[in-house]
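Beneath this line is the structure, given in structure tokens, with notes to follow.
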Amino acid sequence: MNVHPAQGDAPEQALPQDFEAALGELEALVAMMEDGSMPLESSLAAYRRGVDLVRVCQDRLARAEQQVKVLEGELLRPFEEAGD
């Protein structure tokens, strides 16, 4: 995966729409930033991109959690004793 934050006036990349792609890009950004070799401006751009990617991941996780709650809705009813 090629991740090149803040290359001058390059247009912003569209955010990934699925969780796995966003997480993968986020992990790559973190690794590059932890390396310590990025210039300050690139680090700031990578940080901004990372914040956006975290929001994508949080949104996808919240959606998945909501879907699980809906799917489990019938399974989470209180147990009713037979013959009551």
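Testing L75 on (1) loosely packed, with under 10 Cβ neighbours inside 10 Å; (2) at pLDDT 95 or above, one condition comes back false. Which one is that?
(2)
Across region 17-73, what is the number of residues that are on the phi > 0 side of the Ramachandran plot and within 13 Å of the chain's Cα centre (by Cα)?
Here the count works out to 0.
The values are calculated or read from the model by the stated rules, or taken from the named source; none is laboratory data. Everything numeric in this text was worked out from a predicted model, so none of it was measured. As a convention, Cβ positions derive from the backbone with ideal geometry for all residues, glycine included, and neighbour counts pool all protein chains shown.
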